[in-house]
1. Does Tyr34 satisfy being part of a loop (DSSP other than H, G, I, E, B) and either among the hydroxyl-bearing types (Ser, Thr, Tyr) or open to solvent by less than 80 Å² (accessible area, probe 1.4 Å) (or both)?
2. Tell me which residues, restricted to the stretch 53-63, are among the small types (Gly, Ala, Ser) and surrounded by 11 or more Cβ atoms within 10 Å (Cβ to Cβ).
3. Name the one entry in Arg96, Arg85 that is over 22 Å from Glu15 (Cβ atoms), part of a helix (DSSP H, G or I) and open to solvent by 60 Å² or more (accessible area, probe 1.4 Å).
4. If Asp60 satisfies every condition in (1) touching a residue at least 12 places away in the same chain (Cβ under 8 Å); (2) over 10 Å from the mean Cα position of the chain (by Cα) but one, which is the exception?
5. If you scan the stretch 37-52, which residues turn out to be farther than 16 Å from Val9 by Cβ, open to solvent by 90 Å² or more (accessible area, probe 1.4 Å) and not β-branched (Val, Ile, Thr)?
6. Condition check: touching a helix residue (DSSP H, G or I) at 6+ places or on another chain (Cβ under 7 Å) and free of Cβ contacts under 8 Å to residues at least 12 places away in the same chain. Does Leu79 satisfy that?
7. For the stretch 9-30, enumerate the residues that are open to solvent by 100 Å² or more (accessible area, probe 1.4 Å), in a loop (DSSP other than H, G, I, E, B) and out of contact with any helix residue (DSSP H, G or I) (no Cβ under 6 Å at 6 or more places or on another chain).
8. Regarding the stretch 17-35, can at least one residue be identified that is more than 30 Å from Ala2 (Cβ to Cβ) and aliphatic (A, V, I, L, M)?
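The values are calculated or read from the model by the stated rules, or taken from the named source; none is laboratory data. Keep in mind it's a predicted model, so treat the numbers as computed, not measured. Every residue, glycine as well, gets a Cβ built from its backbone with ideal geometry; the counts of neighbours run over all protein chains shown. Heads up: the accessible areas ignore ligands, DNA and RNA and are worked out on the full protein's heavy atoms, side chains in. Shrake-Rupley method; radii C 1.70, N 1.55, O 1.52, S 1.80 Å.
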Amino acid sequence: MAKIYNKLVRDRIPEIIEKKGEKAVFHIADEAEYWEKLQEKLKEEVDEFIKDSSIGEIADIFEVVDAICDFKNFDKLELENIKNRKAENRGKFKKRIILEES
């Protein structure tokens, strides 16, 4: 019995499935579907990281973020600059501050 996935997978997954002697049924997403599936994949990878906070799981999140940057034409240097400006203006998360009230 075939497994139904209907999710975005890494580029070599169909090849890997077929090398195992199985049949991979897939299609190439259009722009709208790709954006939807990227968002779903980000949620999936974050959920997996929450369950297993390993370096491999955070690497998967980085891979999805990289794909989102490519899709949205976000300049990665600009992204890093924005991140740094936010850190400078608002701080990072290093002090472990939990705001209880305001």
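1. Values: part of a loop (DSSP other than H, G, I, E, B): no; either among the hydroxyl-bearing types (Ser, Thr, Tyr) or open to solvent by less than 80 Å² (accessible area, probe 1.4 Å) (or both): yes.
Criteria not met by Tyr34.
2. Of the residues in the stretch 53-63, the ones among the small types (Gly, Ala, Ser) are 53-54, 56, 59.
Scanning the stretch 53-63 gives Ser54, Ala59.
3. Values: Arg96 fails: part of a helix (DSSP H, G or I).
Among Arg96, Arg85, only Arg85 is over 22 Å from Glu15 (Cβ atoms), part of a helix (DSSP H, G or I) and open to solvent by 60 Å² or more (accessible area, probe 1.4 Å).
4. (2)
5. Passing the criteria: only Lys51.
6. On the way: touching a helix residue (DSSP H, G or I) at 6+ places or on another chain (Cβ under 7 Å): yes; free of Cβ contacts under 8 Å to residues at least 12 places away in the same chain: yes.
Answer is yes for this residue.
7. Arg10, Asp11, Arg12, Lys20, Glu22, Lys23, Val25, His27, Ile28
8. Step one: list which residues in the stretch 17-35 are more than 30 Å from Ala2 (Cβ to Cβ), which gives none.
So far as the stretch 17-35 goes, no, none of its residues is more than 30 Å from Ala2 (Cβ to Cβ) and aliphatic (A, V, I, L, M).
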